[in-house]
1. I need the chymotrypsin sites (Phe, Trp or Tyr not before Pro) found in segment 37-135, filtered to DSSP loop residues with at most 11 other beta carbons within 10 Å of theirs.
2. Can you give the charge dipole size of segment 61-102 about its Cα centre, rounded to the nearest 20 debye, using +1 on the beta carbon of Lys and Arg and -1 on the beta carbon of Asp and Glu?
3. Give the accessible area for S162 in Å² (nearest 10); use a 1.4 Å probe, count only protein heavy atoms, and leave out ligands, DNA and RNA.
4. Given an 8 Å cut-off on Cα distances and at least 6 residues of separation, report the relative contact order of segment 68-156 as a percent.
5. With a 1.4 Å probe and all protein chains in place, put S130, S119 in order of accessible area, largest first.
6. So how do R131, R90, R163 rank on accessible area, 1.4 Å probe, biggest first, that is with the largest at the start?
7. Give or take rounding to whole Å, what are the principal axis extents of the alpha carbon atoms in segment 37-98, in descending order?
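The values are calculated or read from the model by the stated rules, or taken from the named source; none is laboratory data. Bear in mind that the values here come from a model prediction, so they are computed numbers and not experimental data. Positions of Cβ are generated from backbone atoms using ideal geometry, with glycine treated the same way; all protein chains shown enter the neighbour counts. Surface areas here come from the heavy atoms of the whole protein model, side chains and all, with no ligands, DNA or RNA. Shrake-Rupley method; radii C 1.70, N 1.55, O 1.52, S 1.80 Å.
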Amino acid sequence: DPFTILSGNTEQDSPINYEIFLPGADTFVWMTATDQLYLGGPNAEFAIGGGGDRITSTNFQAQRIGTTGSAAVDVQATDTALVHVGKSRRRMFAVEFDFSKQAFASNAITFLAPHLFQSSVKDVVFRPASRNDATSRLFVVQDDGSVRTCAYSPRENLLAWSRVDYS
């Protein structure tokens, strides 16, 4: 029956039919892939990986990596983290792997600048460091048309938000 997919956990090329039995895993608003497949839902964030270079039905693993909840705004993969907008669309979070704890950690990156996020976030873009500017930056467009930027470098412990004025 080609319309019935059975989970096959004995052969690597078997189809994967996997239900994540974790709170918040019923709907997803964004998805991206770097070293793993990452999914963001309204109540939690998840990582799906295979413990190697590819995901197969024999090594499939899913884990919750955050509980902040996400809005339907594109996630940005930076050098060390996934930056996503919280479900309220007024806060932003960076999810990164903490090697000292051997677990993912979700950090609020707008906690020092709530006055800059009175309007909801509409879009986010990450610009990595370049030859002319050694600092990575996040650019945020808000619903009211205002633009915010953040000098963002977790390795340097740098997180500095500012307004962008334009005519």
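1. Qualifying residues, ordered by number: F99, F111.
2. 320
3. 50
4. 20
5. Result, largest first: S130, S119.
6. Ranked from most to least accessible, the order is R131, R163, R90.
7. Principal-axis extents of segment 37-98 (Cα, largest first): 40, 24, 20 Å.
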